[in-house]
Amino acid sequence: MPKETVSIPPAPQATADEPAVVPAEPAKRKKSRRSVPHGHVHVLATFNNTIITVTDTKGNVLTYASAGSCGFRGSKKGTAYAAQVAAEKAVTNAKQQHGLTKADVSVKGVGLGREAAIRTLINQKIQVDSVHDATKIPHGGVRPRKAKRN
């Protein structure tokens, strides 16, 4: 069986009169920030850290910050001041990028940053519509240890 040979024409070379043809890249669209005037602020205040998450009303995260991401390390992450700085950072980003003006606040945990975070929201000119405490409470708790026998 004879082999067929296929000749491929050479690619056109750019001359001095014509510039080389470069395939155009698809134009990248600038990601538009949506306006969210009303949202939710979730505060998770543990003994070791405080995490502030700003979401829209459906629960999609807009911005977040924690005491650790704000530069606090070790036991300083659990302080009220660290929670204040984290809330300031998260709310400032939400105001600048999404135009947040009103928020419902959901607080979870027993750490020192609970009240500090809410106070910071009010100081940042965010209208707090409601505050909901979502901290879990044990009813009865776990089974106790067996009694010691001496």
Evaluation of Phe47 against (1) within 19 Å of Val36 (Cβ to Cβ); (2) among the hydrophobic types (A, V, I, L, M, F, W, C); (3) in a loop (DSSP other than H, G, I, E, B) (one fails), failing number: (1)
Residue that is surrounded by the fewest Cβ atoms within 10 Å (Cβ to Cβ), among those in the stretch 78-90 that are among the hydrophobic types (A, V, I, L, M, F, W, C) and in contact with a strand residue (DSSP E or B) (Cβ under 7 Å, 6 or more places away or on another chain): Ala82
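So, of the residues in the stretch 111-129 that are of a type in the set (S, T, N, Q) and in contact with a Ser or Thr (Cβ under 9 Å, 6 or more places away or on another chain), which turns out to be farthest from Cys70 (Cα to Cα)? Write out each step before concluding.
Of the residues in the stretch 111-129, the ones of a type in the set (S, T, N, Q) are 120, 123-124, 127.
Right, trim to in contact with a Ser or Thr (Cβ under 9 Å, 6 or more places away or on another chain) and you get 124, 127.
Values: Gln124: 17, Gln127: 24 Å.
Filtering first and then ranking leaves Gln127.
Could you pull out every one of the strands (runs of 3 or more DSSP E) wholly within the stretch 51-144 that has 2 or more residues that are in contact with a Gly (Cβ under 9 Å, 6 or more places away or on another chain)? Explain how you work it out, then say what you get.
Values: elements: 61-66, 102-108, 127-133.
Because the criterion is at least 2 residues that are in contact with a Gly (Cβ under 9 Å, 6 or more places away or on another chain), the strands (runs of 3 or more DSSP E) in the stretch 51-144 that meet it are 102-108.
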Single condition Ser75 does not satisfy, out of (1) at pLDDT below 95; (2) surrounded by 11 or more Cβ atoms within 10 Å (Cβ to Cβ); (3) polar (S, T, N, Q): (2)
Meets criteria (modelled with pLDDT under 95 and surrounded by 17 or more Cβ atoms within 10 Å (Cβ to Cβ)) for Thr120: yes
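The values are calculated or read from the model by the stated rules, or taken from the named source; none is laboratory data. Quick caveat, the model's predicted, so the values are computed rather than measured. Virtual Cβ from ideal backbone geometry, glycine too; neighbours counted across all protein chains shown.
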